[in-house]
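Here's a structure for you.
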Amino acid sequence: MLTNLPRGTNDILPGETERWQWVEEQFRVACRLYGYREIRTPVFEHTELFQRTVGESTDIVQKEMYTFTDRGGKSLTLRPEGTAGAARAYLEHSFYAEPQPVKLFYLGPMFRFERPQSGRYRQFHQYGVEVFGAADPAVDAEVIALARHFFQRLGLQGLQVHLNSIGCPTCRAEYRQLLAGYYQPLLPQLCEDCRGRFDRNVLRLLDCKVDVEYARTAPKLTDHLCADCQKHLETLGGYLRELGIAYELNPQLVRGLDYYTRTVFEIIDPTLGTQGTLIGGGRYDGLVEELGGKPTPGIGFAGGLERLLLILEKDPQRLPPATRLDVFLALLGSKFVPEGLRLLGRLRQAGLSADMDFLGRSLKGQLRYASKNQARFVALLGEEELSRGVVALKDMEQGGQVEVSIERLEKTLLERSNHR
Ligand code: ATP
Ligand code: MG
């Protein structure tokens, strides 16, 4: 127990963290290119925030939240997603008083009490963007373009954009009735989850992974959109074609959260089945108002980092090479430690990653340790070398050994390792 992880959590270990940092950096770069700025909100918020925004009818609020009472008697919840916190911050810091739109991105851990399996955890990590204050479908197109740009940077190909509109409260209300009429007589045949969802949120039945066939023949919301919603979808389609972004209209696509309006989309890796959704997103024009703000349009997406890494790891060629040590200093006796520490300091100041032995190992042991840490070079320092002001420099990659003056060690290493 003491030495076990809680179910559904992961340690991200050295060797993996480098990949995480690389993916996160690609996301940060893509966001910067599109003019999005990072926001970091707390990992817990008032429980009410998620109840109000994510919605009482959703799986998240019904059964997935980590909710607890703190020592002050307040009900708090570990954030299950990032949009609610961003919207709260938008209001809290009066972002609405600044020039619109406000374009934000985030990266960080999210928490959902789910049945753990590959690609599904209780603490997982999402990257995402949110745009507040612009209703134009050009923003919908930009957000989708940003996601595609990010995946391109990672070398991912063959991804599909699935697009749908779930209308606005007005046209959706009429459609909801129509859909309820369609599903009512089918209720006895539906799965247990769907029978539960029928009263809470009949739209979610379209999303069911079991009753797929019924969803296929259900009335389509896109056939019942009001004129404004219809126009929004058509204009967005035109912009995406303009950008050369292929998409598929998928009338079954509804997102799991209540706050979406109009545009909903997913980017999917079709080779991965039910775990193939890389990101999900959509427009949430009613969200800020739901929190007590003025009506403010918004749109965003979120994706799971774990799932993205699972896909990237299938083709290790795509991943950056593991980080390695530029030089390991092998000392031929403990009396060289002071000189070793001084030299390490100089190498590190010069921007070289450098390390040495701290356990008084034999030379053989030190060489083994150096190669385990993938040191590019080993510099040997002993009595004889020190008296002549040199080290013996061993090339661990190409073999061979040369003498280099201690004075010029940094320069030589920088040249020979083609250091950035
Ligand atoms: P799913 O249908 O897989 O449960 P979702 O609709 O709950 O997904 P969203 O809330 O839209 O997912 O979150 C966006 C993305 O976050 C998902 O596409 C997925 O990549 C990731 N994600 C969601 N839940 C988890 C989880 N429990 N573990 C790992 N990643 C997750
Ligand atoms: Mg889910």
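Tally the residues that are among the hydroxyl-bearing types (Ser, Thr, Tyr) and at pLDDT below 95, restricting the search to region 388-411.
Within region 388-411, residues that are among the hydroxyl-bearing types (Ser, Thr, Tyr) and at pLDDT below 95 number 0.
Now for a separate question. What's the number of the condition residue 15 fails, among (1) among the small types (Gly, Ala, Ser); (2) at positive phi; (3) within 16 Å of ligand 2 (Cβ to nearest atom)?
(3)
Can you find a residue that is modelled with pLDDT of 95 or more, under 32 Å from the mean Cα position of the chain (by Cα) and either of a type outside the set (A, V, I, L, M) or closer than 30 Å to residue 21 by Cβ (or both) anywhere in region 326-334?
Within region 326-334 (the criterion being modelled with pLDDT of 95 or more, under 32 Å from the mean Cα position of the chain (by Cα) and either of a type outside the set (A, V, I, L, M) or closer than 30 Å to residue 21 by Cβ (or both)), the answer is yes, since at least one residue qualifies.
Checking residue 45 against (1) surrounded by fewer than 17 Cβ atoms within 10 Å (Cβ to Cβ); (2) assigned to a strand (DSSP E or B), which test does it fail?
Status for residue 45: all satisfied but (1).
Can you tell me which residue among 41, 3, 77, 17 is touching a Leu at 6+ places or on another chain (Cβ under 9 Å) and either of a type in the set (S, T, N, Q) or not assigned by TED's automatic domain parsing to the domain that holds residue 132 (or both)?
On inspection, the qualifying residue turns out to be 77.
Here is a yes/no grid of residues against (1) within 16 Å of ligand 1 (Cβ to nearest atom); (2) under 26 Å from residue 201 (Cβ atoms); (3) of a type in the set (Phe, Trp, Tyr):
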{"residue": "61", "(1), (2), (3)": "yes, yes, no"}
{"residue": "74", "(1), (2), (3)": "no, no, no"}
{"residue": "77", "(1), (2), (3)": "yes, yes, no"}
{"residue": "81", "(1), (2), (3)": "yes, yes, no"}
{"residue": "88", "(1), (2), (3)": "no, yes, no"}
{"residue": "98", "(1), (2), (3)": "no, no, no"}
{"residue": "126", "(1), (2), (3)": "yes, yes, no"}
{"residue": "138", "(1), (2), (3)": "no, no, no"}
{"residue": "141", "(1), (2), (3)": "no, no, no"}
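Right, something else. More than 15 Å from ligand 1 (Cβ to nearest atom), closer than 22 Å to residue 260 by Cα and among the aromatic types (Phe, Trp, Tyr) - does that describe any residue in region 157-179?
Checking region 157-179: at least one residue is more than 15 Å from ligand 1 (Cβ to nearest atom), closer than 22 Å to residue 260 by Cα and among the aromatic types (Phe, Trp, Tyr).
Also, quick follow-up: Please verify whether region 302-316 includes one or more residues that are modelled with pLDDT of 95 or more, in a helix (DSSP H, G or I) and acidic (Asp, Glu).
Scanning region 302-316 turns up at least one residue that is modelled with pLDDT of 95 or more, in a helix (DSSP H, G or I) and acidic (Asp, Glu).
Next up: Would you confirm, using the coordinates I've provided, whether residue 402 is surrounded by fewer than 19 Cβ atoms within 10 Å (Cβ to Cβ), in a strand (DSSP E or B) and of a type outside the set (S, T, N, Q)?
Taking the combined requirement at face value, the residue satisfies it.
Here is a further query. Collect the residues in region 67-84 that are touching a residue at least 40 places away in the same chain (Cβ under 8 Å) and among the polar types (S, T, N, Q), keeping them in residue-number order.
Scanning region 67-84 gives a single hit, 83.
Pairs under 7 Å by beta carbon, first residue among the charged types (D, E, K, R) in region 106-118, partner in a strand (DSSP E or B) and within 14 Å of ligand 2 (Cβ to nearest atom), six or more apart or different chains?
Cβ pairs passing all conditions: 114/120.
Given 54, 29, which one is at pLDDT below 95 and under 21 Å from the mean Cα position of the chain (by Cα)?
After applying the criteria, what remains is 54.
For the condition surrounded by 16 or more Cβ atoms within 10 Å (Cβ to Cβ), modelled with pLDDT of 95 or more and over 16 Å from residue 301 (Cα atoms), what is the one hit in 69, 77?
None of the others qualify; the one that does is 77.
Being crowded, with 18+ Cβ neighbours inside 10 Å and either of a type in the set (A, V, I, L, M) or within 12 Å of ligand 2 (Cβ to nearest atom) (or both) is the filter here, so list the residues in region 98-118 that pass it.
Residues satisfying the conditions are 102, 104, 107, 110, 112.
So that you can scan it fast, the table gives a plain yes or no per residue for (1) away from ligand 2 (no atom under 16 Å from the Cβ); (2) part of a helix (DSSP H, G or I); (3) within 17 Å of the chain's Cα centre (by Cα):
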site	(1), (2), (3)
61	no, yes, no
68	yes, no, no
88	yes, yes, no
96	yes, yes, no
128	no, no, yes
144	yes, yes, yes
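Also, I was wondering about something else. Pull up region 261-291, narrow it to residues that are of a type in the set (Asp, Glu) and more than 16 Å from ligand 2 (Cβ to nearest atom), then point me to the one that is surrounded by the fewest Cβ atoms within 10 Å (Cβ to Cβ).
289
What is the residue count in region 359-390 for residues that are assigned to a strand (DSSP E or B) and farther than 14 Å from residue 337 by Cα?
The total comes to 3.
Using the structure shown, decide if residue 258 is in the same structural domain as residue 145 (by TED's automatic domain parsing) and either among the hydrophobic types (A, V, I, L, M, F, W, C) or away from ligand 2 (no atom under 16 Å from the Cβ) (or both).
no
Quick test of your reading of the structure: residue 50 fulfils all but one of (1) on the phi < 0 side of the Ramachandran plot; (2) more than 16 Å from ligand 2 (Cβ to nearest atom). Name the failing condition by number.
Status for residue 50: all satisfied but (2).
The values are calculated or read from the model by the stated rules, or taken from the named source; none is laboratory data. Keep in mind that this is a model prediction, so the values were computed, not measured. Neighbour counts run over all protein chains shown; Cβ positions are idealised from the backbone, glycine included.
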